[in-house]
1. Out of the range 233-249, which residues are open to solvent by 40 Å² or more (accessible area, probe 1.4 Å), touching a strand residue (DSSP E or B) at 6+ places or on another chain (Cβ under 9 Å) and on the phi < 0 side of the Ramachandran plot?
2. Could you tell me which numbered condition Ala181 fails, if it satisfies all but one of (1) open to solvent by less than 10 Å² (accessible area, probe 1.4 Å); (2) closer than 21 Å to Tyr289 by Cα; (3) in contact with a helix residue (DSSP H, G or I) (Cβ under 6 Å, 6 or more places away or on another chain); (4) of a type outside the set (D, E, K, R)?
3. Between residues in the range 52-74 that are in a helix (DSSP H, G or I) and residues that are surrounded by fewer than 24 Cβ atoms within 10 Å (Cβ to Cβ) and β-branched (Val, Ile, Thr), which pairs lie under 6 Å by C-beta distance while being six or more apart or on different chains?
4. Of everything in the range 1-42 that's part of a strand (DSSP E or B) and polar (S, T, N, Q), which residue is most open to solvent (accessible area, probe 1.4 Å)?
5. Tally the residues that are crowded, with 18+ Cβ neighbours inside 10 Å, among the small types (Gly, Ala, Ser) and not in a loop (DSSP other than H, G, I, E, B), restricting the search to the range 98-115.
6. Looking only at the range 161-178, count every residue that is surrounded by fewer than 16 Cβ atoms within 10 Å (Cβ to Cβ) and at pLDDT below 90 and tell me the total.
7. Which residue is most open to solvent (accessible area, probe 1.4 Å), if the candidates are limited to the range 203-218 and must be more than 26 Å from Glu249 (Cα to Cα) and assigned to a helix (DSSP H, G or I)?
8. In the set Val272, Val320, which member is surrounded by fewer than 21 Cβ atoms within 10 Å (Cβ to Cβ), touching a His at 6+ places or on another chain (Cβ under 7 Å) and not charged (D, E, K, R)?
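The values are calculated or read from the model by the stated rules, or taken from the named source; none is laboratory data. Just so we're clear, the structure is a prediction, and the values are computed from it rather than from any experiment. Heads up, the Cβs are rebuilt from the backbone with ideal geometry, glycines too, and the neighbour counts pull from every protein chain shown. Quick note on the areas: whole protein, heavy atoms, side chains included, nothing else; ligands and nucleic acids left out. Shrake-Rupley method; radii C 1.70, N 1.55, O 1.52, S 1.80 Å.
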Amino acid sequence: MATAEFDVTGIGNAIVDVIAHADDAFLTANGIEKGAMTLIDAARAEELYGRMGPGIEVSGGSAGNTMAGIASLGGKGAYIGKVHGDQLGQVFRHDIRAAGVRFETAAGHGGAPTARCLILVTPDAQRSMNTFLGACVELGPEDIDEALIANSQVTYLEGYLWDPPRAKEAFRKAASTAHGAGRKVSLSLSDSFCVHRHHAEFLDLVEGHVDILFANEHEITALYRTDRFEDALEAVKRLGKTAALTRSEKGAVIVSGGEVVEVPASPVARVVDTTGAGDLYAAGFLYGYTRGMAPAVCGRIGALAAAEIISHVGARPDVVLADLLPDLLKDAGVPA
């Protein structure tokens, strides 16, 4: 791939996560769809926040988490996303920059506040997300830094971007700019409910505009409207593109040029919180991809990053992921 200043530029909904523990009874009593990402309005966000138990606030957002992961691995990343000029917006901007990611998108003023995601983690480590998009809806094509996109090997887009209307325009502009500069476009399907909401448009994106696809088992079967992972896999193989299909403890299936490689999950002593697992898997995979590593090695780095993130609460790494890489690369026969 031609030389670029940045490995990956991520574009997504800039969100601050509020994470608290809850049991299934709390979810039922409050009408929360377990394991899903549900969009809520400001009134619902205030109501639910008042009912939640003690929590922690950490910067999140799917693509933001991925970019923090890439930086932790030693890669060079940038991020485009909209926050308000309020306290949570300042927290988000500080956190992603402190992680080593370039973030220069202008803050909004006078409009909706910075987005927040109220995440309930149940004892089985499943996370149920309730998202107030806030300032994210203001992201538009004018926020796309074309020079930055052209100077990035990969532009990574989260499927959640398809919910705010103007973000669709930004999404399309970024993809067109990347391909016009001879770069790659990557998409995460984000959530099976998101796939159902935008099914026809997602199919068109995957088939006509995306080079590298990330999806879990539920998302890819939703995209191809099948109950069988094997049928969805055959459909992905026919695309002739690169895809990483994650299957939780069953590992992942990597498709590259029609060929298929299975990569096992990395061991985890105890699964605490699955928030961000897919985001960090994408970070590890893209870190390897932008360095020309084999698909199986990219998958192993993705599994390593995902394993670290599910071992604690929160979707940003607790350790420097680069410190975990040497043994993996040595075992895979990749020169240091």
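1. Lys237, Leu239, Lys241, Arg247
2. Answer for Ala181: the failing condition is (1).
3. Ser72/Val320
4. Thr38
5. The total comes to 2.
6. Selection size over the range 161-178: 1.
7. Within the range 203-218, the match that is most open to solvent (accessible area, probe 1.4 Å) is Glu207.
8. Val272
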